[in-house]
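J.: Got a structure here, written out as structure tokens. Questions coming.
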Amino acid sequence: MRIETGHDLHAACAVLAENALNPQKPTPAAALYCRKYLAGYFESLRYLRDDKASKSIYGPAEGDPYACLNVDGPRSYDQLARQVVRTGDWNPKLLDGDAILLVRKAFSDNPPC
């Protein structure tokens, strides 16, 4: 399975969110793909901002109190997956586009810290 469209990401993250509520072994492949996609997305952001401000993606950057305001936000992959699923449900037009558009919309206001 490749995650290319918003539908692909939404479906994979729905599996991850559902599996977190009732964990079954082995973890479904779609759940792992969602987790890998999200990890890759945030690692890409960290890489792009690797100019001493990269900490702002995972925690407050020095001297920038507004870099990370989502203190009560998602902390685990299943919580991140639920946020992606909710965003897809609220913005069905994003499901027809590229997966990156859905994930950007899901975390555009407050990236998880």
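J.: Determine if segment 10-20 includes at least one residue that is in contact with a Lys or Arg (Cβ under 8 Å, 6 or more places away or on another chain), closer than 19 Å to D96 by Cα, touching a residue at least 40 places away in the same chain (Cβ under 8 Å) and not aliphatic (A, V, I, L, M).
T.: yes
J.: Might you check whether a residue that is part of a helix (DSSP H, G or I), touching a Pro at 6+ places or on another chain (Cβ under 7 Å), within 24 Å of V15 (Cβ to Cβ) and modelled with pLDDT of 75 or more occurs anywhere in segment 77-97?
T.: Yes, some residue in segment 77-97 is part of a helix (DSSP H, G or I), touching a Pro at 6+ places or on another chain (Cβ under 7 Å), within 24 Å of V15 (Cβ to Cβ) and modelled with pLDDT of 75 or more.
J.: Taking the criterion of being modelled with pLDDT of 85 or more, at negative phi and surrounded by 15 or more Cβ atoms within 10 Å (Cβ to Cβ), would at least one residue in segment 40-50 satisfy it?
T.: yes
J.: Sticking with this structure for a sec: Determine which single condition L32 fails, assuming it passes every other condition in (1) among the aliphatic types (A, V, I, L, M); (2) within 17 Å of Q79 (Cα to Cα); (3) in contact (Cβ under 8 Å) with a residue 24 or more places away in the chain.
T.: L32 satisfies every listed condition except (3).
J.: Also, I was wondering about something else. For segment 10-51: of the residues being polar (S, T, N, Q) and assigned to a helix (DSSP H, G or I), which is farthest from W90 (Cα to Cα)?
T.: So the residue we want is S44.
The values are calculated or read from the model by the stated rules, or taken from the named source; none is laboratory data. Here the structure is a predicted model, which means the values were calculated and not measured. Please note: Cβ atoms are built from the backbone with ideal geometry, for glycine as well, and neighbour counts cover all protein chains shown.
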